[in-house]
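Trainee: Right, I'll just put the structure down here and ask away after.
The values are calculated or read from the model by the stated rules, or taken from the named source; none is laboratory data. Since we're looking at a predicted model, the values are computed, not measured. All Cβ positions, glycine included, derive from the backbone under ideal geometry; neighbour counts span all protein chains shown. These area figures cover heavy atoms from the full protein model, side chains too; ligands, DNA and RNA do not enter into them. Shrake-Rupley method; radii C 1.70, N 1.55, O 1.52, S 1.80 Å.
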Amino acid sequence: MARTVLEPRADREIFELPLEIRPEHIDENGHVNNVVYVGWLQDAGTTHWNARFDAETRAKWSWVALRHEIDYLRALKPDATAIARTWVGDPHGPRFARFVRIEDGEGRLCAQGVSEWCLVEAATLRPTRIPATMLPTFERR
């Protein structure tokens, strides 16, 4: 089944996170284990959030991942370099879709994923509609 290749939106900031391939990431097949990619999707979103919002905002709000979907396209080997490129979609109440492309050092797409995240009040963990004031932070700079 052919998957549509995720392409960054022109109106969104594309945040980049270099990925470290560690020995414990390599499975018995000699490449990065699929479970590691789930962690990388989460790391990309969390790092983007932490990089763009101040401590006061991060203390008030938190995100909960509701769903991850990943397409594995090309194996990453132990000696590879990799980068995650991430951006968000449109908000839907308290939810955002976050898109991630994982590319090797030559820019080849190795995996891609979509995660659904829900904004919650940090103190209560209750879902909260994404404030309009938060949206410009995710726009292209």
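Trainee: Across the stretch 39-49, in residue order, what do the Karplus-derived ³J(HN,Hα) couplings come to in whole Hz, using 6.51 cos²θ - 1.76 cosθ + 1.60 with θ = phi - 60° and x for Gly and Pro?
Mentor: x, 5, 4, 5, 4, 4, x, 5, 5, 4, 4
Trainee: Oh, and also: Note down the Stokes-Einstein diffusion coefficient of the stretch 79-133 in µm²/s, whole number, using a Kirkwood radius over alpha carbon pairs, 20 °C, and 1.002 mPa s. The partial results should precede the final answer.
Mentor: On the way: Rh = 12.9 Å.
In µm²/s, the coefficient rounds to 166.
Trainee: Moving on. Using modelled backbone amide H atoms (1.01 Å from N, in-plane), which distant-in-sequence or interchain residues come within less than 5 Å of Leu19's amide H?
Mentor: It is Ala82, Ile83, Ala84, by chain and number.
Trainee: Could you tell me the convex hull volume per residue, in Å³, taken over the Cα atoms of the chain? Don't skip to the end; give the middle numbers.
Mentor: On the way: hull volume 17.8 nm³, N = 141.
It is 126 Å³ per residue.
Trainee: Moving to a separate point now. Could you grab the relative contact order for the stretch 88-141? Cα pairs under 8 Å, six or more apart, rounded to a whole percent.
Mentor: Numbers: 73 pairs, mean separation 17.0, N = 54.
The normalised contact order for the stretch 88-141 reaches 31 percent.
Trainee: Over the chain, give the accessible area per residue in Å² for a 1.4 Å probe, as an integer. Display every interim value, and only then the final one.
Mentor: Working: 8060 Å² over 141 residues.
Here the per-residue accessible area is 57 Å².
Trainee: List the GluC sites (Glu not before Pro) within the stretch 1-59 that DSSP assigns to loop and that have no more than 10 neighbouring Cβ atoms inside 10 Å.
Mentor: Values: sites: Glu13, Glu16, Glu20, Glu24, Glu28, Glu56; in loops: Glu13, Glu20, Glu28.
Answer in residue order: Glu20, Glu28.
Trainee: Give me the percent relative contact order of the chain, please, defined on Cα pairs under 8 angstrom at least 6 residues apart. Can you show the working numbers first?
Mentor: Working: 256 pairs, mean separation 41.1, N = 141.
Normalised by residue count, the contact order of the chain is 29 percent.
Trainee: Which ³J(HN,Hα) values, rounded to whole Hz and listed in residue order, are derived for the stretch 26-33 from phi using the Karplus coefficients 6.51, -1.76 and 1.60 in 6.51 cos²θ - 1.76 cosθ + 1.60 with θ = phi - 60°, glycine and proline given as x?
Mentor: Running phi through 6.51 cos²θ - 1.76 cosθ + 1.60 with θ = phi - 60° gives 8, 9, 5, 8, x, 9, 4, 5 Hz.
Trainee: A further question on this structure: Whole Å is fine, so just give me how far the alpha carbon centre of the stretch 70-119 lies from that of the stretch 14-45.
Mentor: 10 Å
Trainee: Ok, one more. How much net charge surrounds Leu73 when only the other residues with a Cβ under 13 Å from the Cβ of Leu73 are counted, with Lys and Arg +1 and Asp and Glu -1?
Mentor: Numbers: positive: Arg3, Arg74, Arg101, Arg108; negative: Asp71, Glu103, Asp104.
For residues surrounding Leu73, the net value is +1.
Trainee: Using amide H atoms built 1.01 Å from N in the peptide plane, name the residues 5+ places from Trp61, or on other chains, whose amide H lies under 5 Å from its own.
Mentor: Residues meeting the amide H criterion: Ala122.
Trainee: Hey, got the dipole for the chain? About the Cα centre, +1 on K and R Cβ, -1 on D and E Cβ, debye to the nearest 20? Each step should come with its number before you reach the end.
Mentor: Numbers: 19 positive and 21 negative charges, 103 e Å.
In debye, rounded to 20, the chain gives about 500.
Trainee: Which residue, chosen from Trp49, His68, Ile83, occupies the Cα position most advanced towards the positive end of the dipole of the stretch 26-110, where the dipole is computed from +1 (Lys, Arg) and -1 (Asp, Glu) charges on Cβ about the Cα centre?
Mentor: Checking the options against the dipole of the stretch 26-110, the answer is Trp49.
Trainee: Residue by residue through the stretch 54-61, what is 3J(HN,Hα) from phi via Karplus (6.51 cos²θ - 1.76 cosθ + 1.60, θ = phi - 60°)? Round to whole Hz and write x for glycine and proline.
Mentor: Result, ordered by residue: 6, 4, 5, 5, 5, 6, 7, 10 Hz.
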